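Take a look at the structure below.
Nothing in this text is a laboratory measurement; each read-out follows from the coordinates by a stated rule. Keep in mind it's a predicted model, so treat the numbers as computed, not measured. Cβ: placed from backbone, ideal geometry, glycine included. Neighbour counts: every protein chain shown.
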Amino acid sequence: MARKYLSKSTFIKGVQCEKALYLHRFNSELADEISQQKEAVFQTGTNVGILAQELFPEGIDASPKDYTKYFESFKYTQQLINEGVEVIYEAGFCFDYVMCFVDILVKKDGRWHAYEVKSSTKVSETYIIDASLQYYIMKNSAIDIADISIVHIDNNYVRNGEIDLNQLFHSVSVINQAQNNNDYVKNKLLDLHTTLSKDSAPIVDIGKHCSYPYTCNFKGYCWKHIPQYSIFDISRLNKKIKWSLYNSRYIEIKDIPIDTKLSDNQKIEIDSYINQTEIIQKIKIREFVNSLSSNIYHLDFETYQSAVPPFNGLKPYQQIPFQYSAHYENNGTIEHYEFLADPSNDPREAFVKALINDMKKDGDILVYNIGFERGRLNELIRIFPKYQSQLESIIGRMKDLMIPFKEKWYYVPAMKGSYSIKYVLPALVPSLSYDDLDINNGSLASSTFANLHNVSDLDQIKKIRKHLLEYCKLDTFAMVKILEVLRSV
Ligand code: SF4
């Protein structure tokens, strides 16, 4: 059979699902669009990889100038090895129609040590398979491999001054697993090459593999037969139960057998959907509304995360608050407060000072999902103990607007089982929508702010800041409107 070349990523795709591999190779037009959020994840991986090279400085980069010219890279790697170079980045190897690029290859005491860098905080089964494939290719390329390790981010690291690479990264040898996986890799490669030699994609039904270990980019194509609201959307329903329902061909909510194990909230959700009824527990809602003071701040934070802590006192991936919006209701009048940090500086202390200043009027502070905002403020107290009493006072005034929806005191079918504000808002206030905004979700706001320091055009910066402010402002205005609906009950 005429063989097609596999790369490390297509191998991993094939391990996840052979149909995904086939579609990727022959029907890539069926793939879902790559979201900006996913792009940001790829970029994080690349940046971490480049930083980890400094663990073994002064290496030579063997990656191809043009990514279609792999073979030049394999030759160049071999040339560097022959010339006695002892640290090679992106070392390229190819054996039996499968190729790989090893992040860092280091010669110690005459033998080679390979390092595969990952931006996550632990070694997963998929990373071991990934390293096993690399080991298989290198071993068969006749280079003497003494060890192969996964270098990942250590989430116990706390930045204090310059980044300490030896503490930020943690290296774990996986040579034993890679050796044990030799036959698995060999047989899997045979299977995948066979799959790619077929005239049509293999028949594979949807399953857990569509989301694990990665969300497949053909879900839009393969999941077409699943209605927009199905058994997969029932809030907090165990995955095992969902797949067991699916495998028994119960897909629509109305078909769920009555003996299915469901919580009270799930029963409410299903009944409400089937009968298209609203659940409005007036007494509970009245108690909630009456528990609020007449002056209320509606507050929302935006945060971003970074694999490499950009400032002192931060751990990898710790949330960094950079923006808030607050609508203050006072006897029928509404004032708006907002803060958006300068991306070139540490935003945290400026955030704290502005927040303390803006929250100085009387009244409760309403947030949506109190655990998030309270968690961020407690972290800020640890970093800036001098603001402890003011921040603790803000925490003490916080109340959670999510409660009536989480407890299903107010539930309408349009919420589709969710109590996230992104579902509650269109269900309660359909006239308010995020659709017309350039930044229309929290993940996009985070990645936009995190990359803002790379933008040099002043007009562009102004435009982006405006979009960020608009987005966060709508979040708290939505809270005002949601509370209005609850009051009207
Ligand atoms: S969506 Fe699921 S079944 Fe379809 S290709 Fe992807 S993993 Fe395979």
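Nearest 5 is fine: what % of DSSP beta bridges in the chain come out antiparallel, could you say? Don't skip to the answer; put the middle values down first.
Working: 37 of 52 bridges.
Of the beta bridges lying entirely in the chain, close to 70 percent run antiparallel.
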Subject >> Distance between modelled label sites at Asn369 and Leu190, nm, 7 Å Cα→Cβ extension >> reply: 4.8 nm
**OP:** Would you work out the relative contact order for region 8-197, in percent, from Cα pairs under 8 angstrom that are 6 or more residues apart?
**Re:** 20 percent
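Can you give the extra length, in nm with one decimal, that the chain gains between Arg249 and Ser420 once fully stretched, where that is 0.36 nm per residue apart less the Cα-Cα distance? Walk me through the intermediate numbers first.
Numbers: separation 171, 0.36 × 171 = 61.56 nm, distance 2.86 nm.
58.7 nm is the gain from fully extending Arg249 to Ser420.
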Subject >> Two-site FRET efficiency, Ile241 against Ser173, from Cβ-Cβ distance with R₀ of 45 Å, rounded to 0.05 >> reply: 0.70
Subject >> region 210-331 - percent relative contact order, Cα under 8 Å, separation 6 or more >> reply: 17 percent
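Among rounded, prolate and oblate, which fits region 278-489 when a ≥ b ≥ c are the square roots of the eigenvalues of its C-alpha gyration tensor, a/c under 1.5 means rounded, and a/b larger than b/c means prolate? Show your work: numbers first, answer last.
On the way: a/c = 1.87, a/b = 1.42, b/c = 1.31.
Prolate, since a/c reaches 1.5 and a/b exceeds b/c.
Taking the Cβ of each residue in Met398, Met99 as the centre, tally the other Cβ atoms inside 10 Å and list the residues starting with the fewest.
Working: Met398 16, Met99 21.
Lowest count first: Met398, Met99.
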**OP:** Sketch the reach of a paramagnetic label on Ile383 as a point 7 Å from Cα along Cα-to-Cβ, and name the residues of region 420-462 whose backbone nitrogen lies under 17 Å away.
**Re:** 446-447, 449-453
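What does the C-alpha gyration tensor say about the overall shape of region 192-270? Classify as rounded when a/c is under 1.5, otherwise prolate if a/b is larger than b/c, or oblate.
Numbers: a/c = 2.66, a/b = 2.46, b/c = 1.08.
Since a/c reaches 1.5 and a/b is larger than b/c, the shape of region 192-270 is classed as prolate.
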Original post:
To the nearest 10 degrees, how steep is helix 442-451 against the longest Cα principal axis of the chain, on a 0 to 90 scale?
Top reply: 60 degrees
Original post:
Which aspartates and glutamates have a Cα lying under 13 Å from the Cα of Lys284, excluding residues fewer than 8 positions away in the same chain?
Top reply: Glu407
**OP:** Treating the Cα atoms of region 45-128 as identical point scatterers in vacuum, please give the log10 of the normalised Debye intensity I(q)/I(0) at q = 0.11, 0.13, 0.25 Å⁻¹, two decimals.
**Re:** -0.30, -0.42, -1.32
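Quote to one decimal, in nm, the extra length available between Asp436 and Lys353 on full extension: 0.36 nm per residue of separation minus the C-alpha distance between them. If you can, show how the numbers build up before the last one.
Details: separation 83, 0.36 × 83 = 29.88 nm, distance 3.20 nm.
Length difference between fully extended and current span is 26.7 nm.
Restricting to Cα pairs below 8 Å that are 6+ residues apart, what does the relative contact order work out to for the chain? Please round to a whole percent. Let's see the in-between values first.
Numbers: 718 pairs, mean separation 65.4, N = 489.
Contact order relative to length: 13 percent.
Take every DSSP beta bridge whose two residues both sit in region 278-489, then give the antiparallel share in percent to the nearest 5.
Working: 19 of 25 bridges.
Around 75 percent of the beta bridges assigned by DSSP in region 278-489 are antiparallel ones.
Equivalent-ellipsoid semi-axes (√(5λ), Cα gyration tensor) for the chain, whole Å, largest first? Don't skip to the answer; put the middle values down first.
Details: eigenvalues 437, 205, 69 Å².
Calculated on Cα positions only, the semi-axes equal 47, 32, 19 Å.
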